[in-house]
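Colleague: Structure in structure tokens, see below.
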Amino acid sequence: MKIYFALQGEQDVIFKQLDVSESITAIEVLQLPGIKELISSPIDKLKLGINSIELDGKYKALPHQYRMSDGERLEVYRPLHQDPKERRKIKASQK
């Protein structure tokens with residue numbers, strides 16, 4: 001089956017199409033050759049999502065339990081360096 005992998009780095013965006021087995025989990029995708037080298041943080045510290053929905057155990061299963069389906073996009077979310085609300089407040093006060 002075909003799935004997609006997306007990673008937003010500090011300088012670039014990585015988007016790959018992968019051909020994987022039907023029983024692969026989100027964590028197993030991160031351990032594939034070619035993907036593992038792209039990730040600098042420990043896998044258990046990453047925030048992951050499927051098609052813009054975070055794998056948090058509430059609405060979607062946790063990454064080690066979630067089985068990928070054909071056509072889905074696995075996304076690695078980078079941490080925010082600044083709170084968006086705080087950034088807007090600062091920008092508004094500068095005007």
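The values are calculated or read from the model by the stated rules, or taken from the named source; none is laboratory data. All values derive from a computational prediction rather than experimental measurement. Note that each Cβ is placed from the backbone with ideal geometry, even for glycine, and that neighbours are counted across all protein chains shown. Accessible surface areas use protein heavy atoms only, side chains included; no ligands, DNA or RNA. Shrake-Rupley method; radii C 1.70, N 1.55, O 1.52, S 1.80 Å.
Colleague: Share of antiparallel DSSP beta bridges in the chain, in percent to the nearest 5? Don't jump to the answer; show the numbers that get you there.
Modeller: Details: 14 of 18 bridges.
Around 80 percent antiparallel, to the nearest 5.
Colleague: Which listed residue (33, 80, 23) has the Cα farthest towards the positive end of the charge dipole for the chain, taking +1 on Lys and Arg C-beta and -1 on Asp and Glu C-beta about the Cα centre?
Modeller: Farthest towards the positive end: 80.
Colleague: Quote the charge dipole size of the chain about the Cα centre in Debye, to the nearest 20; the model charges only the Cβ of Lys and Arg (+1) and of Asp and Glu (-1). Kindly include the intermediate steps, with their values, before the conclusion.
Modeller: Details: 16 positive and 14 negative charges, 144 e Å.
Dipole magnitude for the chain comes out near 700 debye.
Colleague: Something else about it: May I ask you to list the GluC sites (Glu not before Pro) in region 1-67 that are in a DSSP loop and have at most 11 other Cβ atoms within 10 Å of their Cβ?
Modeller: On the way: sites: 10, 22, 28, 37, 54; in loops: 10, 22.
Qualifying residues, ordered by number: 10, 22.
Colleague: OK, next. Report, by chain and number, residues whose modeled amide H sits under 5 Å from the one on residue 47, excluding near sequence neighbours (fewer than 5 apart, same chain).
Modeller: HN-HN under 5 Å from residue 47: 77.
Colleague: Could you compute how much accessible surface residue 76 exposes when probed at 1.4 Å, giving the result in Å² to the nearest 10?
Modeller: So the heavy atoms of residue 76 present about 10 Å² to solvent.
Colleague: Okay, next question. Answer with a single label: of [x] 15.7, 41; [y] 14.9, 43; [z] 15.6, 54, which was calculated as Rg and Dmax of the Cα atoms in Å from the structure in view?
Modeller: For Rg and Dmax of the Cα atoms in Å, the calculated option is [z].
Colleague: Run down the lysines and flag those whose C-alpha is under 23 Å from the C-alpha of residue 95, throwing out any fewer than 8 positions away in its chain.
Modeller: 85
Colleague: To the nearest 500 deg cm²/dmol, what mean residue ellipticity at 222 nm is calculated for the chain from DSSP H runs of n ≥ 4 alone, each contributing -39,500 (n - 2.57), summed and divided by the residues?
Modeller: -4500 deg cm²/dmol
Colleague: Under 8 Å for C-alpha pairs, at least 6 residues apart: give me the relative contact order for region 2-95, rounded to a whole percent. All intermediate terms of the calculation are to be shown ahead of the outcome.
Modeller: On the way: 118 pairs, mean separation 33.3, N = 94.
In percent, rounded to a whole number, it is 35.
Colleague: On the protein heavy atoms, probe 1.4 angstrom, tell me the percent of accessible surface of the chain carried by carbon and sulfur. Let's see the in-between values first.
Modeller: Numbers: 3400 of 6940 Å².
The C+S portion of the solvent-accessible surface of the chain is 49 percent.
Colleague: So which residue, out of 83, 12, 56, gets the largest mean-square fluctuation from a GNM of the chain using Cα contacts under 10 Å as springs?
Modeller: Maximum fluctuation in the GNM of the chain, among the listed residues, is at 83.
Colleague: Ignoring ligands, DNA and RNA, how do 15, 5 rank by accessible area with a 1.4 Å probe, largest first?
Modeller: Sorted by accessible area, descending: 15, 5.
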